[in-house]
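Q: What follows is a single structure, and I will ask about it in a moment.
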Amino acid sequence: MKKLLLSAVAVMAFGYAAQAQSDEMKFGVKAGANFTNFGGDVEDTDGKTGFYVGGLVDLPISGNFHVQPELMYSSEGADDLGIDYLRIPVMAKYYVMEGLSLQAGPEIAFKVSADDLIDEGTKSMDFGLGAGAAYELPMGLFFDVRYNLGLSDISDDGPFEIKNTGFQVGAGWRF
């Protein structure tokens, strides 16, 4: 819990420091669908459809380059093996044309809850990379897609390596 609190404070401090440098910082909210599964050494599992919801800060750095820290609640897992995370991605965004951005960056996640079958056998943290694209309309409405690749083994005690993988499709509003 202390790590979670420290991470949230760090994201907010980063946002406040950037606000002092730029008047164009924008906040936003986003939500959408998760299509997740487990990768690694596990036997084939069927994917799970879940959801995510959260907020973001868009920080212009230079020209078309922005940084976008996010804080999201995300329902993930596979089949009947659900894990809910509080995810903190920090995406580097590059606008390739008006409204269209490509995004990539690291993310850390903290397990909030899990189904009884896997709760004790999975670690409380996950680390991964995300990559995707977004298109924003002039009024602030945006649509995005992202692939999240888990880099860390979330198995706490098993002989198998388990990694989170997922695809997100969603929409949001920057204001």
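Bear in mind that the values in this text are calculations on the coordinates, not laboratory data. None of the values given here were measured: they were computed from a predicted structure. Methodologically, a virtual Cβ is constructed for each residue, glycine included, from the backbone with ideal geometry; neighbour enumeration extends over all protein chains shown.
Q: Given L137, L129, L102, L141, which one is loosely packed, with under 14 Cβ neighbours inside 10 Å and within 21 Å of N34 (Cα to Cα)? Spell out the reasoning first.
A: On the way: L137 fails: within 21 Å of N34 (Cα to Cα); L129 fails: loosely packed, with under 14 Cβ neighbours inside 10 Å; L102 fails: loosely packed, with under 14 Cβ neighbours inside 10 Å.
After applying the criteria, what remains is L141.
Q: Here is a follow-up. Being under 22 Å from F27 (Cα atoms), assigned to a strand (DSSP E or B) and within 13 Å of the chain's Cα centre (by Cα) narrows it down to one of G132, G128, so name that one. Spell out the reasoning first.
A: On the way: G128 fails: under 22 Å from F27 (Cα atoms).
Of G132, G128, the one residue that is under 22 Å from F27 (Cα atoms), assigned to a strand (DSSP E or B) and within 13 Å of the chain's Cα centre (by Cα) is G132.
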